[in-house]
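Student: This is the structure I want to talk about, given as structure tokens.
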Amino acid sequence: MTSVATLLAPVEEDLKTLNHNLRQLIGARHPILSAAAEHLFQVGGKQLRPAVVLLIARATMADGEITARHRRLAEITEMIHTASLVHDDVLDESETRRGIPTVHSSFNNRIAVLAGDFLFAQSSWYLANLDNLEVVKLLSKVIMDLAEGEIQQGLSRFDSDLTFEAYLEKSYCKTASFVGE
Ligand code: FPP
Ligand code: MG
């Protein structure tokens, strides 16, 4: 069976650059966010969403070279994903993520909510600056789905009568929309 490392090999260097760029982009404006950003990206996640963007970019460019816009789009997807996790950890009162303390448990809820908000806002700004309306529409819908899925989940907590269709709809909004759209 093909390992994940083999699948990601063509973009291994790109993902290292991505992590470096994210730390620069997020920490640049606010010292407090700089601390949260360092914290957020010191242990990179699976980086599935940017990896898909970068793999498709490399596969579809005639010369196999990717552009700054491809890199920025990959960064935007990771920013949105990370923002949603920072907020999710507040809602779930999770103490750790990726083996380290969550932002709200290292700082406090106020900082975590603001850091998540700022990441969302910054990702929207970078998205708008790509000047590609189709991509703006697609990712705006993904962000709406994330919030919708989280609301659906919150409203049906401990509801053992939840239908399978409603469960799938919630899961589509929370996860599949972002990966599959
Ligand atoms: C992880 O769920 C969380 C998500 C996949 C999305 C969370 C989305 C939000 C909090 C809404 C974001 C808000 C806006 C404004 C778009 P999980 O708790 O099932 O998984 P986990 O074990 O990784 O925490
Ligand atoms: Mg959670």
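Student: Tell me which of these G44 doesn't satisfy, since it passes every other one: (1) outside any helix (DSSP H, G or I); (2) more than 16 Å from ligand 1 (Cβ to nearest atom).
Tutor: Only one criterion is unmet by G44, namely (2).
Student: Can you report the number of residues in the stretch 137-181 which are more than 22 Å from V86 (Cβ to Cβ), of a type in the set (D, E, K, R) and surrounded by 12 or more Cβ atoms within 10 Å (Cβ to Cβ)?
Tutor: 1
Student: Another one. Looking at (1) in a helix (DSSP H, G or I); (2) touching a helix residue (DSSP H, G or I) at 6+ places or on another chain (Cβ under 6 Å); (3) away from ligand 2 (no atom under 14 Å from the Cβ); (4) of a type in the set (A, V, I, L, M, F, W, C), find the lone condition where V86 falls short.
Tutor: That leaves (3) as the condition not met.
Student: So A35 clears everything in (1) part of a helix (DSSP H, G or I); (2) at pLDDT 85 or above except one condition, right? Which one?
Tutor: Status for A35: all satisfied but (2).
Student: Are there any pairs with C-beta distances below 7 angstrom linking a residue in the stretch 82-102 that is closer than 18 Å to F120 by Cα to a residue that is within 7 Å of ligand 1 (Cβ to nearest atom) and assigned to a loop (DSSP other than H, G, I, E, B), with the two at least 6 apart or on different chains, and if so which?
Tutor: T102/S94
Student: Restricting attention to the stretch 64-91, which residues are within 11 Å of ligand 1 (Cβ to nearest atom) and under 16 Å from G45 (Cβ atoms)?
Tutor: Result: I80, H81, T82, A83, S84, L85, V86, H87, D88, D89.
Student: Search the stretch 61-83 for residues being within 22 Å of L25 (Cα to Cα) and not in a helix (DSSP H, G or I), and hand back the single one that is farthest from ligand 2 (Cβ to nearest atom).
Tutor: Top of the filtered list is T67.
Student: Can you find even one residue in the stretch 132-155 that is more than 18 Å from the chain's Cα centre (by Cα) and on the phi > 0 side of the Ramachandran plot?
Tutor: no
The values are calculated or read from the model by the stated rules, or taken from the named source; none is laboratory data. Predicted, not measured: the structure shown is a model, and the values here were computed from it. As a convention, Cβ positions derive from the backbone with ideal geometry for all residues, glycine included, and neighbour counts pool all protein chains shown.
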